Each structure stands twice: as C-alpha cells, then as structure tokens.
Amino acid sequence: MNRFSVSRLALALALGSTLAACSSTPPELQPSTQQAPGTASRPVLSPEEAQNYTQQRYFSALDPQKAPWTPATITLPQHPDFVVGPAGVAGVTHTTLQAAVDAAIQKHAASRQYIAIMPGTYEGTLYIPATSNSVTLYGLGNSPEEVKITSALDAGQDPNTWRHTVNPSGKYMPGKPAWYMFDSCQRQQTASIGVMCSAVVWSQNSGLQMQNLTIANTHGDASGEGDHPAVALRTDGDKTQLNHVNILGRQNTLLFTNSDVQNKMRNGGQPRTLVTNSYIEGDVDMVAGRGAAVFDNTDFRLVDTRTNKEGYVFAPATLPGIYYGFLAVNSRFVASGDGVAQLGRAWDLGAGENGYVAGQTANGQVVIRDSVINAGFNREKPWGDALGSKRPFSGNVAEQRDLNDLQSNRLWEYQNHGDGSK
C-alpha cells in the first residue's frame, strides 16, 4: 500500500519554496492577466462584482436579522483542560483522542474545552459529536506534521469491514457521546459504507477549532482508479476554524455537509468554516460538499499518482437558493501533470445524468481570487462538467449578468496569477 507520509508533504512544500526562489519575480507579484467578463469556459469577475465575494459575505447568516460570523484568531490557554499523550507522561490525562473528546463532552461545561495533543501518530477515527459546548484540539509540536491523526478508510468498504476497522476495541459504545455517529453508519443496510461514513475525523461540533496538526486518510494509491471516496476530515457543525492544519487524502479529502444527527443532508442550513494557513492534498473533488467555507493563505496540491489523469480541486454542492459556497483567497494551487488538472466542477448532488433542474438541483458556488495557479492546470478548460448530471460547464459572460443565474455555473475567478491563470 502506498501511504501518505509527512516526508512527502515536506518535499512538496520544499519544492514549492524552491520554485518560488528560482523565479526572478514571484507569480503573486506579477500583474494578473484576468479580465472580466472572461470566457464561457473561464468566467472572470469585474472589480465591482468581486465586492460581493468577501469573507464577511460568505459568513453572513441565512437569517438576515442575525449578524455575520466574525471569527477571531484562535487563542490557547496556558493550561488545557485535557492532554492526550503516552501513558505515564506528566500532565497527560488521556492516551487516546476519542477518550479526551468524550470527557470534554461529558463534562457538560458551559465554556469551551481545550484538548492539547502531544507529538505522535494517533491511529484510528475521531468523532466529535454535536453538543452545547465547543471543543478546541491543538497539537503541541513545533509544526502540524508532529501530530498526526490517521486511518485507512474507503467508502467502498462493506459495513462489516468498516465496523471492525473503526471500532475494533469498542471505543464507540452505547452511552458514550459519539455513539450516535458510529451507530448511524454501522446499522446501514447497504453494500458499501458510503462517502458520508468514510472520514477519519468527523465533527458535528459547532464552534470546533483545530490547530497545528495533520489529518490523513492513508488509503491513498491503494484504491486505484475509479470511484473511491476516502475522506480525511468531514465537518457538519457551524463556525468551524482550522488553522495550520494539514489535510491529506485522495478522493473527497475534505468534506463539508449540513447533515443532522441522523446523518442525513438537509435542504436548509449553512454551516460555516474558516481555513487558514493550511495545506490540503488530494486528487478527485478534494474539497467537496455544502456550506460556506473560506480558505485564506492555504495551499491546495492536486496529485495524479492514483488516477494518472485530470483531477478536481473543488466540488461544491451549494443549494440553489444560497449565494455563497467556497471562497479561496491569497492561496496557492499546484497540480501535478501537464496542464490537465481542473480547478473544480459543480456537484449536482442527487441528480442523475441530464437530471439537472434549475432552482431544484444543487448548483455549486466557488470563487478563487487573488491566488496563484500553477501550469499544471488546464488553461482552456479550468472548470469541469458537473458531477452527477454531467451538465456541461457554462459560465455566464453576459454584459449584464446575474451572478446567481441558475441556468449557468457559479464558478468564478478574480485577479489570479501564475501560468495556470492565463
């Protein structure tokens, strides 16, 4: 099995630094050549239109009477509530992540609970349930690579294999906080467990914060070509913050859903997530799902060692009546291969081939702005046809255009730089 390794991540980051150092003028300092309205295959926002796509807009509440979410910088306490690490080490309260999270939830505290994680590799899944209080998990290492949460899961696993992989020693038991999450998956009467249950870390905790750690689904190249979702991180809760987090996988590396406690996607709700100073790696629909997510100063790396063909960064399934899905700003997009990778495609969730219905089917929304795109991306067709319905990509380039015209795709660019942006 070809597994992800921290050394591979370090090599990727070092390569990016080397390429930047070899250039006399870094791509982000070169003038952007993108001009509105762009083309039907590559629509570009005007400066006036771009004013609609800022973090504040993405984090607005669905209820117009409520103020937008304005996340503050994650602050850490001098003394955490719980410490995860090896048995016998001074200060350690729990030897497993799940036990620490369970204790934080069962404490029923009104205040945020802080869980510090000592350097090491923590094998197995971590489920963080919905609760009235929020949880912060953070690594105590000098870098995110020093604290790793890993498991090898595939959406194609049969429920029995999945059950023994995820819960070999009974860490999920009736009466424990995360039992309902495990149970919603293990009692499925399906041939395979599915993408919704393939996550290494799955959170329904609103207000969740994670900092200075790595989450990896190590199924990797072993899955081969074809449809093999293998999620590293899935979040359903509102107001989630990820800072200095590495998220590694292949297909559907990072999945956002608006699911309820029955593990069913809803036709309402808009969970919001802020990702900063982080690194995300995958090959097919590596950032997918519903909700509003803003990525600031984040590295996206699309690899092709499993598929040896084009891949996709974003696969949004934004509900048709919601204006904001995913926003990437001040970020970097790097793809392996020779100009075949794509920035993304709409996920027409629930629609079969030719089944897209404007106003009823999900119509994904993405803006990539003020970012660097390398030469590995397809310059002529940076956005792919929709997943599910196979709806051909169609960008709106009308002189007076509706940015939320549901007859067109809502996938946009603005003021990007680099060879892949031209």
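The values are calculated or read from the model by the stated rules, or taken from the named source; none is laboratory data. In this text the structure is predicted, and so the values were computed from the model without any measurement. Backbone-built Cβ (ideal geometry, glycine too); neighbour counts: all protein chains shown.
Would you mind listing the strands (runs of 3 or more DSSP E) fully within region 307-422 where at least 1 residues are in contact with an Asp or Glu (Cβ under 6 Å, 6 or more places away or on another chain)? Steps first, please.
Numbers: elements: 312-316, 326-329, 332-335, 342-344, 365-369, 410-414.
The strands (runs of 3 or more DSSP E) meeting that bar are 312-316, 326-329, 332-335, 342-344, 365-369.
Among the aliphatic types (A, V, I, L, M), under 26 Å from residue 69 (Cα atoms) and modelled with pLDDT under 95: which single residue out of 287, 261 fits that description? Can you show your working first?
On the way: 287 fails: modelled with pLDDT under 95.
Exactly one of 287, 261 is among the aliphatic types (A, V, I, L, M), under 26 Å from residue 69 (Cα atoms) and modelled with pLDDT under 95, namely 261.
Scan region 32-64 for residues that are part of a loop (DSSP other than H, G, I, E, B), aliphatic (A, V, I, L, M) and out of contact with any helix residue (DSSP H, G or I) (no Cβ under 8 Å at 6 or more places or on another chain) and jot them down. Explain how you work it out, then say what you get.
Step one: filter region 32-64 for residues part of a loop (DSSP other than H, G, I, E, B), giving 32-37, 39-42, 45-46, 51-54, 59-64.
With the extra rule that they be aliphatic (A, V, I, L, M), the set shrinks to 36, 40, 45, 61-62.
Selection gives 40, 45, 61, 62.
Please work out if residue 301 is more than 18 Å from residue 412 (Cβ to Cβ), in contact (Cβ under 8 Å) with a residue 60 or more places away in the chain and part of a strand (DSSP E or B).
Numbers: more than 18 Å from residue 412 (Cβ to Cβ): yes; in contact (Cβ under 8 Å) with a residue 60 or more places away in the chain: yes; part of a strand (DSSP E or B): yes.
Answer is yes for this residue.
Would you be able to say whether some residue in region 352-360 is polar (S, T, N, Q) and in contact with a strand residue (DSSP E or B) (Cβ under 8 Å, 6 or more places away or on another chain)? Write out each step before concluding.
Step one: of region 352-360, the residues polar (S, T, N, Q) are 354, 360.
Checking which are in contact with a strand residue (DSSP E or B) (Cβ under 8 Å, 6 or more places away or on another chain) leaves us with none.
Looking through region 352-360, none of the residues is polar (S, T, N, Q) and in contact with a strand residue (DSSP E or B) (Cβ under 8 Å, 6 or more places away or on another chain).
Inspect region 344-364 for any residue being more than 21 Å from residue 269 (Cβ to Cβ) and crowded, with 23+ Cβ neighbours inside 10 Å and give the result as yes or no.
Checking region 344-364: at least one residue is more than 21 Å from residue 269 (Cβ to Cβ) and crowded, with 23+ Cβ neighbours inside 10 Å.
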